[in-house]
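Chemist: Quick one: this structure, given as structure tokens, is what I'll be asking you about.
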Amino acid sequence: MSKKNKFLNLDMGLVNENYIIINNSDKELWQSRGFESVKKYPVFDYLPSHNETIMLGKPLYIEEFGIENIINSKILETSTCCGTYGMGGPGFFGIKFQTNSGIRWLVYCIWNAPEHVLLNDRVIECHPLFQEKYNPWLGHNAYKENMAQLDKIFSGSVIYDIQLTDTEITINFKNSISAENTLCSYKYSDKFPEQGGTKKKRNSFENGTMKDYWLVTYDGTVLSV
């Protein structure tokens, strides 16, 4: 694996690489999207077949992609487990959305991101120790049912406004019955729960700004830390 590959060690917040494993027949498509083949790349417990190729690319910071290109897009789904570090996931929070140019993911790339995301002033997730205190959307006692409820809020909604500063982000969206919802995160908020291990609160990030941790990627690709 060549150290000169420009798509290795991207150092975009927590993200080092953005990869996808494709059928060889799709190679030209992904090359047109700016991805390049790599002969050897360590994907945990997986070895591509002779009909497959691993390709590396580069996600875009939210402002590079253009906030104006996200406005009026339709939310298709969300995920609380985007990203990988090989044997597991960092817990990035992602929003899959439809634009005029195709399907993309808007991903909040911090450790355990759902613990630092508020939906309508209520945290998405927290450690079981603090569930009673914070009443997260995704409670551990009925996770599947709660996730279905969350899907009903997001899926099919349209993003109509995004406000982004160095320390906070607010995403406003509305669904088919015109119910308005607000998703937000901050570098620090008392509304974020304590961590399970330390029992202490932490900043969402220490270095850089909020803008550095929201990345836009192609659907089907993987963000690796």
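Chemist: Given VAL225, VAL216, which one is touching a Phe, Trp or Tyr at 6+ places or on another chain (Cβ under 6 Å) and open to solvent by 20 Å² or more (accessible area, probe 1.4 Å)?
Modeler: Details: VAL216 fails: open to solvent by 20 Å² or more (accessible area, probe 1.4 Å).
Exactly one of VAL225, VAL216 is touching a Phe, Trp or Tyr at 6+ places or on another chain (Cβ under 6 Å) and open to solvent by 20 Å² or more (accessible area, probe 1.4 Å), namely VAL225.
Chemist: Something else: Starting from the range 90-114, keep only residues that are farther than 15 Å from LYS211 by Cα, then list their pairs with residues that are aromatic (Phe, Trp, Tyr) and not in a strand (DSSP E or B) whose Cβ atoms are within a distance under 8 Å, requiring at least 6 positions of separation or different chains.
Modeler: Qualifying pairs under 8 Å: PRO90/TRP111; GLY91/TRP111; ILE95/PHE154; ARG104/PHE65.
Chemist: On the basis of being at pLDDT 95 or above and in contact with a helix residue (DSSP H, G or I) (Cβ under 6 Å, 6 or more places away or on another chain), does VAL216 make the cut?
Modeler: yes
Chemist: Among (1) within 21 Å of the chain's Cα centre (by Cα); (2) open to solvent by 20 Å² or more (accessible area, probe 1.4 Å), there is one condition PRO193 misses while meeting the rest; what is its number?
Modeler: That leaves (2) as the condition not met.
Chemist: Only one of GLU125, GLU115 is among the acidic types (Asp, Glu), open to solvent by less than 70 Å² (accessible area, probe 1.4 Å) and in a loop (DSSP other than H, G, I, E, B); which?
Modeler: Values: GLU115 fails: in a loop (DSSP other than H, G, I, E, B).
Of GLU125, GLU115, the one residue that is among the acidic types (Asp, Glu), open to solvent by less than 70 Å² (accessible area, probe 1.4 Å) and in a loop (DSSP other than H, G, I, E, B) is GLU125.
Chemist: Only residues that are touching a residue at least 24 places away in the same chain (Cβ under 8 Å), open to solvent by less than 80 Å² (accessible area, probe 1.4 Å) and more than 21 Å from SER185 (Cα to Cα): list them for the range 129-160, please.
Modeler: Hit for the range 129-160 is GLY156, nothing else.
Chemist: Something else: Going through GLN131, GLN163, GLN149 one at a time, which residue ends up being assigned to a strand (DSSP E or B) and farther than 20 Å from PRO90 by Cβ?
Modeler: On the way: GLN131 fails: assigned to a strand (DSSP E or B); GLN149 fails: assigned to a strand (DSSP E or B).
Exactly one of GLN131, GLN163, GLN149 is assigned to a strand (DSSP E or B) and farther than 20 Å from PRO90 by Cβ, namely GLN163.
Chemist: Given LYS27, LYS39, which one is among the basic types (Lys, Arg), open to solvent by 30 Å² or more (accessible area, probe 1.4 Å), more than 19 Å from LEU215 (Cβ to Cβ) and not in a loop (DSSP other than H, G, I, E, B)?
Modeler: From the options LYS27, LYS39, the qualifying one is LYS27.
Chemist: Does THR165 qualify as being exposed (fewer than 15 other Cβ atoms within 10 Å of the Cβ) and in contact (Cβ under 8 Å) with a residue 24 or more places away in the chain?
Modeler: Values: exposed (fewer than 15 other Cβ atoms within 10 Å of the Cβ): yes; in contact (Cβ under 8 Å) with a residue 24 or more places away in the chain: yes.
Yes.
Chemist: Out of (1) touching a residue at least 12 places away in the same chain (Cβ under 8 Å); (2) over 22 Å from MET12 (Cβ atoms); (3) not in a strand (DSSP E or B), what's the single condition that is false for ASP212?
Modeler: Evaluating ASP212 over (1) touching a residue at least 12 places away in the same chain (Cβ under 8 Å); (2) over 22 Å from MET12 (Cβ atoms); (3) not in a strand (DSSP E or B) leaves (2) as the failure.
Chemist: Within the range 169-190, how many residues turn out to be open to solvent by less than 50 Å² (accessible area, probe 1.4 Å) and small (Gly, Ala, Ser)?
Modeler: So the count comes out to 3.
Chemist: Would you mind finding the one in ILE20, ILE71, ILE54, ILE75 that is in a loop (DSSP other than H, G, I, E, B) and either in contact (Cβ under 8 Å) with a residue 60 or more places away in the chain or surrounded by 18 or more Cβ atoms within 10 Å (Cβ to Cβ) (or both)? It would help to see each step written out before you state the result.
Modeler: Values: ILE20 fails: in a loop (DSSP other than H, G, I, E, B); ILE54 fails: in a loop (DSSP other than H, G, I, E, B); ILE75 fails: in a loop (DSSP other than H, G, I, E, B).
That would be ILE71, the only listed residue that is in a loop (DSSP other than H, G, I, E, B) and either in contact (Cβ under 8 Å) with a residue 60 or more places away in the chain or surrounded by 18 or more Cβ atoms within 10 Å (Cβ to Cβ) (or both).
The values are calculated or read from the model by the stated rules, or taken from the named source; none is laboratory data. In this text the structure is predicted, and so the values were computed from the model without any measurement. Here Cβ is always computed from backbone atoms with ideal geometry, including for glycine, and neighbour counts include all displayed protein chains. Accessible surface areas use protein heavy atoms only, side chains included; no ligands, DNA or RNA. Shrake-Rupley method; radii C 1.70, N 1.55, O 1.52, S 1.80 Å.
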